[in-house]
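Computed from the coordinates by the stated procedures, all read-outs in this text should not be read as laboratory data. As the structure is a computational prediction, the values presented were derived from the model and not from experiment. When we count neighbours, we look across all protein chains shown, and the Cβ atoms used for this are built from the backbone with ideal geometry, even at glycine.
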Amino acid sequence: MHHDKFGIYINVREGKALRINSPYWIPEGEDWVFLTPETNCTLVRIRELAREKDIVRDPAKISWGDFGKVARRD
C-alpha cells in the first residue's frame with residue numbers, strides 16, 4: 001500500500017489542506033505538497049508547519065480542502 005504517502009497535503013495555490021489516509025485519494029500535481037505524515041494534525045498545527053516550512057504566503061488562511069478537487073485513483 002501507499003502508507004508512506006498518508007498524511008496532510010497542502011494545495012499551495014489555494015491554501016487548502018487535505019487529510020489523506022487512503023491510497024485512493026493521494027493528490028498529484030505540483031500544487032500539492034506533502035506537509036506531514038501525521039494524519040491527526042490539527043489545523044493550528046498544520047498552519048504552524050506551513051509557516052516553518054515556508055510553503056504558502058499566509059499560513060493563517062489555510063483551511064480544509066475538498067476531496068472533489070482530487071481525482072480518485074482506482
(request) Grab the Cα-Cα distance for D66 and R51, subtract it from 0.36 nm times how many residues apart they are, and report the gain in nm with one decimal. (result) 3.2 nm
(request) Would you mind working out the magnitude of the charge dipole of the chain relative to its Cα centre, with +1 at each Lys and Arg C-beta and -1 at each Asp and Glu C-beta, to the nearest 20 Debye? (result) 180 debye
(request) Take every Cα-Cα pair in region 3-67 and report what % of them are more than 17 Å apart. (result) 29 percent
(request) Working from Cα positions, state the angle (0 to 90°, nearest 10) between the long axis of helix 43-53 and the longest principal axis of the chain. (result) 80 degrees
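Evaluate E = 1/(1 + (r/R0)^6) for V44 and S22, where r is the Cβ-Cβ distance and R0 equals 30 Å; express this FRET efficiency to the nearest 0.05.
Working: r = 24 Å, r/R0 = 0.80.
Computed FRET efficiency for V44 and S22 comes out at 0.80.
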(message) Can you give me the long-range amide H partners of T36? Hydrogens built in the peptide plane at 1.01 Å from N, cutoff under 5 Å, separation of 5 or more residues or another chain.
(response) I8
(request) Mind checking which aspartates and glutamates have their Cα closer than 13 Å to the Cα of K5? Skip sequence neighbours fewer than 8 apart in that chain. (result) E28, E38
